[in-house]
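Here's the structure, in structure tokens; my notes come after.
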Amino acid sequence: LAGVIVVSLLPDAPFANATVPWRASLPATIDSVVAPGSVILTVPFATPSDAEAMAWAAVDDMRFRIIGGYANIADPGEPHGQRQPLPLPPAHVQEMFSTPKLGSMLPYVAPAVADAQLITYLHRYSVSAVVFAAMGADTSIGYWYLIDTLGQPQVVRPGFDIWLRTHGRWPTRPVG
């Protein structure tokens, strides 16, 4: 007991800290442009190796939902259980946004087909906004895919862009 008291009297010990890899204003900006409970498609897509979007939602008190993510789920008989959901169809959309570093290594999908798949995906899963966060130079393939298909983003900030449905709808055909 005496040891605990002595330790509690010591001055605050310095702890290493770091900044988050996204703009601090990103979660608040999402909150200001989408209705609570809205579904957000994020780039980078939320996976075990790129979980930033899950942190954005947590920082914003879970006011919006994201497609993707992962959880550590107990798997009987296995020592580990990290899992992520299977890709939602059309799978090319999630493949493009969750592996942007691979770019040309993904199976080829004709640009017109890829554009139509993105629009189908956004409609099918009631996506209200697409949030692109520049998390390194390798994410540019996903960015240009969004520009070609959806046009210019409605919200442009240093380090991130947001596309929103116009009049409650996404385009019915690619813009580019």
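The values are calculated or read from the model by the stated rules, or taken from the named source; none is laboratory data. Given the structure is predicted, the values throughout are model-derived calculations rather than measurements. Here the Cβ is made from the backbone with ideal geometry for all residues, glycine too, and neighbour counts use every protein chain on show.
Pairs are defined by a Cβ separation below 8 Å, a sequence spacing of at least 6 or placement on different chains, a first member in region 25-54 that is on the phi > 0 side of the Ramachandran plot, and a second member that is crowded, with 18+ Cβ neighbours inside 10 Å; the pairs so defined are Gly37/Phe64. Please indicate, with yes or no, whether at least one residue in region 99-108 is modelled with pLDDT under 75 and closer than 22 Å to Ser126 by Cβ. No.
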